[in-house]
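Take a look at the structure set out below.
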Amino acid sequence: MLREGENTGPNPTDRGKGGSKLHLLCDNQGLPLTCAISAANVNDIEALKPLARGIPAVRSRRGPRRRRPTKLHGDSTYHSRDQRRWLRERGIRVRLARPGIESSQRLGRHRYKVERSIAWLGSYRRLNVRWERKASTFLSMLGIACILICYKHLAKHADGF
């Protein structure tokens with residue numbers, strides 16, 4: 001794992017080795033909408049707002065373009081009153097597990113889709129171990145991998161059109 005460079009930090013679960021985290025926001029089918037990276041020692045809560053702001057406009061058959069999802073599911077690492085309030089102000093219904101009150105097990109059927117997408121990203125060897133020192137290079141590799149995931153999904157389902 002890379003110990004130096006941009007957006008790296010001591011990993012609290014791996015004896016303090018330097019590393020990065022991948023953050024992913026997916027649609028209902030598990031296709032990546034936005035992605036980001038952060039240092040391994042940065043709290044996940046800090047990644048939620050930039051990810052939600054980075055959702056591209058979605059063209060629909062009827063009506064105006066949608067700029068945000070109607071509902072957001074997440075586990076207890078993304079829970080905070082500030083995050084819930086911020087999402088509600090933007091018209092996004094929140095379904096985040098609250099620590100000590102709700103277990104993440106109930107969110108499993110929704111969380112599975114994101115975990116599957118992260119596993120798809122793991123099939124690209126360039127993302128498994130971070131060799132790039134520049135965060136912009138690593139983020140561009142992550143973006144290319146997300147594009148390839150979407151392309152493969154579209155190519156698989158294009159036969160029905």
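Taking the range 118-140, which residues are touching a helix residue (DSSP H, G or I) at 6+ places or on another chain (Cβ under 7 Å) and under 18 Å from LEU51 (Cβ atoms)? Those that are touching a helix residue (DSSP H, G or I) at 6+ places or on another chain (Cβ under 7 Å) and under 18 Å from LEU51 (Cβ atoms): TRP120, LEU121, LEU127.
Among the residues of the range 33-41, is there at least one that is β-branched (Val, Ile, Thr), buried (at least 19 other Cβ atoms within 10 Å of the Cβ), under 16 Å from MET141 (Cβ atoms) and modelled with pLDDT under 80? No, that holds for no residue. Flag set for ARG88, criterion: at pLDDT 70 or above and either surrounded by fewer than 13 Cβ atoms within 10 Å (Cβ to Cβ) or not aliphatic (A, V, I, L, M) (or both). Only one entry of SER60, SER76 meets the criterion of being modelled with pLDDT under 75 and in contact with a Pro (Cβ under 9 Å, 6 or more places away or on another chain), and that entry is SER76. Among the residues of the range 115-125, those that are of a type outside the set (Asp, Glu), surrounded by fewer than 15 Cβ atoms within 10 Å (Cβ to Cβ) and under 18 Å from the mean Cα position of the chain (by Cα) comprise ARG116, ALA119, GLY122, SER123.
The values are calculated or read from the model by the stated rules, or taken from the named source; none is laboratory data. This one's a predicted model, so the numbers in the text were calculated from it and none came from an experiment. Neighbour counts are summed over all protein chains in view; Cβ atoms, including those assigned to glycine, are modelled from backbone coordinates with ideal geometry.
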